[in-house]
Amino acid sequence: ITILAIESSCDETSASVVRDGVVLNNVVATQKVHEEYGGVVPELASRAHQQNIIPVVEQALKEAKVEKKELSAIAFTRGPGLLGALLVGTAYAKSMALALNIPLIEVNHMQAHILAHYIDDPKPPFPFLCLTVSGGHTQLVVVKSHLEMEVVGKTLDDAVGEAFDKSAKLLGLPYPGGPLIDRYAQEGDPHRFEFPLSEMEGYNYSFSGIKTAILYFLQKEKRKDADFVAHNLKDICASIQYTFIKMLMQKLKRASRELKIRHIAIAGGVSANKGLRETLAAEAEKQKWTVYFPDFQYCTDNAGMIAIAAHYKYLAKDFCEQTVAPDPRLAI
Ligand code: ATP
Ligand code: MG
Ligand code: FE
């Protein structure tokens, strides 16, 4: 089974080839145009996907030494994501499947973030609990099988990745600021400044209150010292990151205890965060958890995760029709 997978949900155009469950490569073109706007501009994203998709797919096939006629199926991200961006990948995948007369496989982007754990070893056994933390989502998911997942908790407002990026913006850092906060935080004191934690019901999260708290805090401190941010950047980043991680860990610990699941994974762009990884590793000792981290290249958006998800859908003969449409709000 050889599948070509395409990801185009946000600002990464990516293609990957998977053969018999082995992901052969993962070509990612990250769009630079959004940097100067401080966030992803949907119209520019879809134009950049149009420019990138052919070279990215050609490179993936060439690198994998796979001819188009050898392909068993074409997979694409159906959602969630930006409609205009999803349309580019969807249309491309459809026409290629039609031309080659092979099956088409639609993939849910959030399921794929989780299934990235099946690209390399160690692979988590079912059921496991996955904290999916990305630019648009923050979810606690009970993963029962490759294709059966249940969201038991989620953010009721901002995603944690979005909270990282918006906080970074308040600090004058360029987009996406999450990785920069992570980097400065490593040399800062996480206990220097304190921010209030929001407590939501059940396993749910909220990250919008803390963003406002950070805004007011910075405004107040800047009135005393105009260069407050420049003078304290590392400590501010460390303190913000500490607060986000603490919020993420509280619900994760509770869900693990109550649902009695000790295999814990993290997925999505924020799972690249070093502070989160260290905290989870330390907690694993205390809670007797086995924890799973995806390889860095499979944390943020990539087609490798779409390819591995498609492999399991192919095994289940879960194909879709040519009439399929992208769904910006596709749920797990
Ligand atoms: P979704 O998957 O919810 O549709 P998305 O695809 O835009 O959203 P991803 O590509 O999975 O999100 O992740 C991007 C997010 O991850 C950005 O918010 C970015 O700041 C954040 N991120 C990436 N690396 C780090 C890091 N080291 N620390 C904190 N945040 C990070
Ligand atoms: Mg991105
Ligand atoms: Fe994503």
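The values are calculated or read from the model by the stated rules, or taken from the named source; none is laboratory data. Owing to the predicted nature of the structure, the values given are computational and were not obtained by experimental measurement. Note that each Cβ is placed from the backbone with ideal geometry, even for glycine, and that neighbours are counted across all protein chains shown.
In table form, for the structure just shown:
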quantity	calculated
Residue identified as under 21 Å from Val142 (Cα atoms), among the β-branched types (Val, Ile, Thr) and out of contact with any strand residue (DSSP E or B) (no Cβ under 6 Å at 6 or more places or on another chain) among Ile264, Ile245, Ile240, Ile210	Ile245
Among (1) more than 16 Å from Met305 (Cα to Cα); (2) modelled with pLDDT of 95 or more, the one test that Pro176 misses	(2)
Any hit, region 144-166, residues being in contact (Cβ under 8 Å) with a residue 24 or more places away in the chain, within 16 Å of ligand 1 (Cβ to nearest atom), assigned to a loop (DSSP other than H, G, I, E, B) and buried (at least 17 other Cβ atoms within 10 Å of the Cβ)	yes
Count - residues of region 311-325 that are more than 14 Å from Asp20 (Cα to Cα) and either in contact with a Cys (Cβ under 7 Å, 6 or more places away or on another chain) or assigned to a loop (DSSP other than H, G, I, E, B) (or both)	8
Verdict on Thr30 being surrounded by 19 or more Cβ atoms within 10 Å (Cβ to Cβ), hydroxyl-bearing (Ser, Thr, Tyr) and out of contact with any Phe, Trp or Tyr (no Cβ under 6 Å at 6 or more places or on another chain)	no
Residue check for Thr138: within 16 Å of ligand 1 (Cβ to nearest atom), of a type in the set (Ser, Thr, Tyr) and free of Cβ contacts under 8 Å to residues at least 60 places away in the same chain	no
Restricting region 184-213 to residues that are surrounded by 14 or more Cβ atoms within 10 Å (Cβ to Cβ) and among the charged types (D, E, K, R), the residue that is nearest to the chain's Cα centre (by Cα)	Lys211
Lone unmet requirement of (1) hydrophobic (A, V, I, L, M, F, W, C); (2) surrounded by fewer than 20 Cβ atoms within 10 Å (Cβ to Cβ); (3) under 27 Å from Ile240 (Cα atoms) for Ala325	(3)
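Residues are listed down the side, and each one gets a yes or a no for (1) within 30 Å of Val88 (Cα to Cα); (2) touching a residue at least 40 places away in the same chain (Cβ under 8 Å); (3) within 16 Å of ligand 2 (Cβ to nearest atom):
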site: Lys222; (1), (2), (3): no, no, no
site: Cys237; (1), (2), (3): no, yes, no
site: Leu252; (1), (2), (3): no, yes, no
site: Leu259; (1), (2), (3): no, yes, no
site: Thr300; (1), (2), (3): yes, yes, yes
site: Ala303; (1), (2), (3): yes, yes, yes
site: Ala316; (1), (2), (3): yes, yes, no
site: Ala325; (1), (2), (3): yes, yes, no
site: Arg329; (1), (2), (3): yes, yes, no
